[in-house]
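A short worksheet on the structure shown next.
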Amino acid sequence: MAACLQHTGYDQERLLHVSDTLPCRVSQAGTLLSLMGEPSQYSYPSIFLYGHRSTGKSHVVSTLLKELELPHATVSCVECVSAGLMFERVLLALFGPDTTSLLPRSPSLSDFVRIYRQQCPQSPANQTRFIVIEKAELLRDMDANLLPVLLRLQELVEDNVTVILLSEIVWDQFRPNTGCFEPLLLHFPDYSKGDLQQILSQDIHPSYSAELYSAFINILLGVFYSVCRDLRELRHLAALNFSKFCEPLKEGKVKESDTHKLWRNIEPHLKKAMQTVYLREVSSVQWEELQMEEKESVALKGLSAHAHVELPYYSKFLLIAAYLASYNPARTDRRFFLKHHGKIRKTNFLKKHEKTSNHLLGPKPFPLDRLLAIFYSVVDSRVAPTASIFSQLIKKWNISFQISSLVTLQLLTQLGHDDQLDAPKYKCAVALDFIRAISRTVNFDIVKYLYDFL
């Protein structure tokens with residue numbers, strides 16, 4: 001029989017419902033509920049929950065607070081990039097929208113504490129208020145006084161409030177050097193293989209039996225458990241590969257009891273999926289479309305999964321410009337990208353050592369200023385060259401960030417090091433088929449701008 005939450009301060013039926021919605025985390029939920037105490041009692045000022053990604057920290061806390069109808073405010077440090085946004089979210093959730101107008105434009109910690117104390121008599125708490133801060137490790141990059149204040153906020157505002165911090169790092173690496181109030185610690189361990197089997201088996205496909213889906217999850221964990229124990233990633237992999245697992249059943253070749261034949265059918269696809277664990281190169285819908293395209297067209301068989309990566313609009317043009325800079329001689333830029341360049345024949349450019357195709361010689365390095373010149377020329381041909389448009393482009397789109405992103409994705413290769421005095425140089429690391437596929441998505445005919453195809 002599954003474990004059940006028990007606490008004298010809460011309705012038992014609600015606790016039973018909470019236990020059903022927290023598989024394999026009832027023990028941690030029970031410990032947290034004990035630390036929180038009864039609603040009418042003063043709780044401990046701060047609680048620190050830590051554990052790896054996808055270990056159920058946020059799910060357990062949000063389920064307890066919502067199902068037990070406890071007043072709370074949930075703040076993510078990823079969304080709240082400043083302390084002011086955090087203060088506004090907390091006051092809005094605990095005291096209503098009228099409170100946020102009392103904050104100054106750039107609120108300080110003293111402003112937040114002062115307004116909180118002013119609102120407490122107007123909205124007295126019959127039970128403990130909770131402030132949940134997700135991704136709390138990012139607090140270390142904010143004001144140095146913010147974390148110590150949050151840990152002892154109950155004392156400063158003189159209210160029954162508890163701050164719950166959720167983090168992926170341990171408290172020893174989290175504790176500030178200046179010292180602070182020590183919170184209660186609660187560790188969320190990784191899910192075991194049996195826990196993952198139990199949780200993932202609950203996502204039953206309506207068209208198939210629970211036994212079949214449980215057998216599929218068992219096969220999936222047998223392949224991926226040694227390299228991936230992230231619940232969200234495993235759930236994503238299950239959604240991608242279950243339709244392929246059921247193909248022999250749809251075709252009537254095997255029965256649900258023939259698990260060995262089903263395993264032989266899905267084995268090569270699972271091994272292929274192991275190469276892209278955590279990358280999320282395609283979504284579930286895109287994966288299904290890709291499988292359909294592979295059946296309909298033989299031409300797609302040679303394309304890798306990288307050909308289906310979706311880039312931002314201007315990043316595609318930046319990659320196109322990088323490809324043109326890598327495979328076109330530098331002196332041909334005037335022919336392709338300069339308006340009113342006059343008539344220039346290709347024979348005037350040819351030399352004895354240039355008769356070999358540039359695509360056979362491989363990509364050549366190019367400086368950053370040449371890449372930007374080609375990029376602006378390509379964009380200029382498609383967008384009205386007004387100052388306002390280009391100013392908006394510069395504000396909304398950081399070129400250096402996009403270039404570093406393309407380098408991270410291994411679509412561009414940076415040569416040399418960042419500490420060099422001269423400008424960095426790059427090489428394009430994609431094939432012709434890939435860049436032609438990218439060009440088609442923005443209606444750009446790249447072949448017309450390649451020197452080898454004149």
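The values are calculated or read from the model by the stated rules, or taken from the named source; none is laboratory data. Worth saying up front: this structure is predicted, and the values here are computed from it rather than measured. When we count neighbours, we look across all protein chains shown, and the Cβ atoms used for this are built from the backbone with ideal geometry, even at glycine. Note: accessible area is taken over every heavy atom of the protein model, side chains too, but ligands, DNA and RNA are not part of it. Shrake-Rupley method; radii C 1.70, N 1.55, O 1.52, S 1.80 Å.
Out of K66, K57, one residue alone is touching a strand residue (DSSP E or B) at 6+ places or on another chain (Cβ under 7 Å) and charged (D, E, K, R). It is K57. Scanning the stretch 182-217 for residues that are farther than 30 Å from W263 by Cα and surrounded by fewer than 16 Cβ atoms within 10 Å (Cβ to Cβ) yields a count of 4. Looking only at the stretch 222-261, how many residues end up being part of a helix (DSSP H, G or I), more than 17 Å from I199 (Cα to Cα) and free of Cβ contacts under 8 Å to residues at least 40 places away in the same chain? Summing the residues that are part of a helix (DSSP H, G or I), more than 17 Å from I199 (Cα to Cα) and free of Cβ contacts under 8 Å to residues at least 40 places away in the same chain in the stretch 222-261 gives 7.
To keep it simple, each residue is scored yes or no on (1) modelled with pLDDT of 85 or more; (2) in contact with a His (Cβ under 7 Å, 6 or more places away or on another chain); (3) surrounded by 13 or more Cβ atoms within 10 Å (Cβ to Cβ); (4) not aliphatic (A, V, I, L, M).
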{"residue": "Y225", "(1), (2), (3), (4)": "yes, no, yes, yes"}
{"residue": "H236", "(1), (2), (3), (4)": "yes, no, yes, yes"}
{"residue": "A239", "(1), (2), (3), (4)": "yes, no, yes, no"}
{"residue": "D258", "(1), (2), (3), (4)": "no, no, yes, yes"}
{"residue": "I266", "(1), (2), (3), (4)": "yes, no, yes, no"}
{"residue": "K271", "(1), (2), (3), (4)": "no, no, no, yes"}
{"residue": "V277", "(1), (2), (3), (4)": "no, no, yes, no"}
{"residue": "E288", "(1), (2), (3), (4)": "no, no, yes, yes"}
{"residue": "K295", "(1), (2), (3), (4)": "no, no, no, yes"}
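If you go through the stretch 34-49 and keep only what is within 17 Å of I131 (Cβ to Cβ) and open to solvent by 30 Å² or more (accessible area, probe 1.4 Å), you end up with L35, Y42, Y44. Of all residue pairs spaced 6 or more apart or on separate chains, none has beta-carbon atoms under 9 Å together with a first member in the stretch 137-155 that is free of Cβ contacts under 8 Å to residues at least 12 places away in the same chain and of a type in the set (S, T, Y) and a second member that is open to solvent by 30 Å² or more (accessible area, probe 1.4 Å) and outside any helix (DSSP H, G or I). Quick one: in the stretch 99-109, of everything that is part of a helix (DSSP H, G or I) and under 34 Å from the mean Cα position of the chain (by Cα), which residue is surrounded by the most Cβ atoms within 10 Å (Cβ to Cβ)? Here the residue is T99.
A count restricted to the stretch 425-448 and to residues that are assigned to a helix (DSSP H, G or I) and open to solvent by less than 30 Å² (accessible area, probe 1.4 Å) stands at 6. Taking the stretch 4-33 as the range and being open to solvent by 60 Å² or more (accessible area, probe 1.4 Å) and more than 33 Å from the chain's Cα centre (by Cα) as the test, the residues that pass are Q6, T8, D11, Q12, E13, R14, L16. For L70, state whether it is modelled with pLDDT under 95, assigned to a loop (DSSP other than H, G, I, E, B), open to solvent by less than 50 Å² (accessible area, probe 1.4 Å) and within 24 Å of V90 (Cβ to Cβ). Answer is yes for this residue. Search the stretch 172-181 for residues being exposed (fewer than 15 other Cβ atoms within 10 Å of the Cβ) and part of a helix (DSSP H, G or I), and hand back the single one that is farthest from the chain's Cα centre (by Cα). Restricting to residues being exposed (fewer than 15 other Cβ atoms within 10 Å of the Cβ) and part of a helix (DSSP H, G or I), the top hit is D172. Scanning the stretch 65-118 for residues that are touching a residue at least 40 places away in the same chain (Cβ under 8 Å), within 27 Å of S167 (Cα to Cα) and not aliphatic (A, V, I, L, M) returns E67, P71, H72, T74, S76, C77, S82, Y116. Looking at F95, is it out of contact with any Leu (no Cβ under 6 Å at 6 or more places or on another chain), at pLDDT 90 or above and surrounded by 13 or more Cβ atoms within 10 Å (Cβ to Cβ)? In short, yes. Screening E79 against (1) part of a helix (DSSP H, G or I); (2) charged (D, E, K, R); (3) at pLDDT below 90 leaves a single unmet condition, (1). Residues in the stretch 121-140 include at least one that is open to solvent by 30 Å² or more (accessible area, probe 1.4 Å), outside any helix (DSSP H, G or I) and within 18 Å of L165 (Cβ to Cβ). Kindly evaluate V149 against the criterion of being open to solvent by less than 10 Å² (accessible area, probe 1.4 Å) and either under 34 Å from the mean Cα position of the chain (by Cα) or of a type in the set (V, I, T) (or both). In short, no. Might you check whether a residue that is within 18 Å of L319 (Cβ to Cβ), surrounded by 10 or more Cβ atoms within 10 Å (Cβ to Cβ) and modelled with pLDDT under 60 occurs anywhere in the stretch 372-381? Yes: the stretch 372-381 contains one or more residues that are within 18 Å of L319 (Cβ to Cβ), surrounded by 10 or more Cβ atoms within 10 Å (Cβ to Cβ) and modelled with pLDDT under 60.
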